[in-house]
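Trainee: Structure incoming, see below.
The values are calculated or read from the model by the stated rules, or taken from the named source; none is laboratory data. On a predicted model such as this, the values are computed, not experimentally measured, just so you know. When we count neighbours, we look across all protein chains shown, and the Cβ atoms used for this are built from the backbone with ideal geometry, even at glycine.
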């Protein structure tokens, strides 16, 4: 799953590649790749309602990115192959990033205490298995509760994991809350944890309004007679088209019986890319494509508690959740069980 957290991305454009000095809440990231001359990657931040997404162009192995933030915030770099990296940026900071394209997991960011701490965490966990890495993250959170790095580790290794118990989540939140009572990122994680409960099997989802390709508003559950499969995706996902193709192939046996609708909700900001991708479905009657260009900042996305893609939710005729996740094979089993 491409974790675009979570949660939290406003797909508004920013004018960032500026070379002038820093002032106020501005920060700058100067990047260098040792083995890549040109390319493109995405960047977004995890600062709640202030989250943004933009594209960074790499030329002659270098890039410059400038943004604004009023508190130390994790920014996520997303590469075309789906690899994600985190850089912490704060007001007035001038950061330097260095990486090797052939080993993106092993990168270094300098210029702040937070990035130094995160570099250290990556070094310690580089060769560890997932279980030991999670345990190391737990230790870092408890040893460095005042650092924004602790919030990120809590989100990445605990809040986003379905295997972590509610008890442990509450215990770790007790460690972080007193040190970050007003930090937008932590407040957003807590809100997301509450919203995620809405997607649990057996829960009834709130109704939402989506925007169709022609700009019209569509109430998701306007028709009470249909089962609905809601698929969340984006063209910038490395496997975006494959995820949609697998869903459509899975629904082949159900799409003509009039009981099931597929609503594909795109989190794209560049609508022309989205429109090019969905053009083959123009004549389809069982699939509805929607996109409002706001990504994770879409009101519908927030209401449904979606913080990562690809993702799907299958509901019955009363908006009750029958299944959710990203496992298409699991979805096939649920369809066979519920729709005849």
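Trainee: Considering only segment 193-210, I want to know if a residue exists there that is within 25 Å of residue 88 (Cα to Cα) and surrounded by 10 or more Cβ atoms within 10 Å (Cβ to Cβ).
Mentor: Within segment 193-210, the first condition is being within 25 Å of residue 88 (Cα to Cα), and the residues that meet it are 193.
Okay, now just the ones that are also surrounded by 10 or more Cβ atoms within 10 Å (Cβ to Cβ), so 193.
Within segment 193-210 (the criterion being within 25 Å of residue 88 (Cα to Cα) and surrounded by 10 or more Cβ atoms within 10 Å (Cβ to Cβ)), the answer is yes, since at least one residue qualifies.
Trainee: Okay, next question. Can you tell me how many residues within segment 25-48 are in a loop (DSSP other than H, G, I, E, B), modelled with pLDDT of 80 or more and closer than 28 Å to residue 186 by Cα? I'd like the intermediate steps shown before the answer.
Mentor: Step one: of segment 25-48, the residues in a loop (DSSP other than H, G, I, E, B) are 25, 34-37, 46-47.
Within this subset, residues satisfying the condition of being modelled with pLDDT of 80 or more are 25, 34-37, 46.
Adding the requirement that they be closer than 28 Å to residue 186 by Cα leaves 25, 46.
Result for segment 25-48: 2.
Trainee: Select, from 148, 206, 130, the only residue that is under 26 Å from residue 99 (Cα atoms) and in contact (Cβ under 8 Å) with a residue 60 or more places away in the chain. Before you say what the answer is, go through the steps one by one.
Mentor: Values: 206 fails: under 26 Å from residue 99 (Cα atoms); 130 fails: in contact (Cβ under 8 Å) with a residue 60 or more places away in the chain.
After applying the criteria, what remains is 148.
Trainee: A follow-up question, please. Scan (1) surrounded by 18 or more Cβ atoms within 10 Å (Cβ to Cβ); (2) at negative phi for the single condition residue 111 breaks and write down its number.
Mentor: (2)
Trainee: Further, regarding this structure: Tell me which residues, restricted to segment 221-258, are farther than 24 Å from residue 84 by Cβ, surrounded by fewer than 15 Cβ atoms within 10 Å (Cβ to Cβ) and at pLDDT below 80.
Mentor: Selection gives 222, 223, 224, 225, 252, 253, 256, 257, 258.
Trainee: So is residue 73 touching a residue at least 40 places away in the same chain (Cβ under 8 Å), in the same structural domain as residue 186 (by TED's automatic domain parsing), touching a helix residue (DSSP H, G or I) at 6+ places or on another chain (Cβ under 9 Å) and buried (at least 18 other Cβ atoms within 10 Å of the Cβ) or not? Before you say what the answer is, go through the steps one by one.
Mentor: Working: touching a residue at least 40 places away in the same chain (Cβ under 8 Å): yes; in the same structural domain as residue 186 (by TED's automatic domain parsing): yes; touching a helix residue (DSSP H, G or I) at 6+ places or on another chain (Cβ under 9 Å): yes; buried (at least 18 other Cβ atoms within 10 Å of the Cβ): yes.
So residue 73 fits the description; yes.
Trainee: Moving on. Tell me which residues, restricted to segment 304-318, are under 12 Å from residue 207 (Cα atoms) and surrounded by fewer than 16 Cβ atoms within 10 Å (Cβ to Cβ).
Mentor: If the condition is that a residue be under 12 Å from residue 207 (Cα atoms) and surrounded by fewer than 16 Cβ atoms within 10 Å (Cβ to Cβ), then 318 is the only one that fits.
Trainee: Can you tell which of 150, 159, 137 is under 30 Å from residue 266 (Cβ atoms) and assigned by TED's automatic domain parsing to the domain that holds residue 72?
Mentor: 159
Trainee: All but one of (1) without any contact (Cβ under 8 Å) to a residue 24 or more places away in the chain; (2) exposed (fewer than 14 other Cβ atoms within 10 Å of the Cβ); (3) touching a strand residue (DSSP E or B) at 6+ places or on another chain (Cβ under 6 Å) hold for residue 119; which doesn't?
Mentor: Condition not satisfied by residue 119: (2).
Trainee: Restricting the search to segment 313-329, which residues are at positive phi and touching a residue at least 40 places away in the same chain (Cβ under 8 Å)?
Mentor: Residue satisfying the conditions is 319 alone.
Trainee: Give segment 178-189 a look and list any residue that's without any contact (Cβ under 8 Å) to a residue 40 or more places away in the chain, surrounded by 15 or more Cβ atoms within 10 Å (Cβ to Cβ) and part of a helix (DSSP H, G or I), or say none.
Mentor: Matches in segment 178-189: 179, 186.
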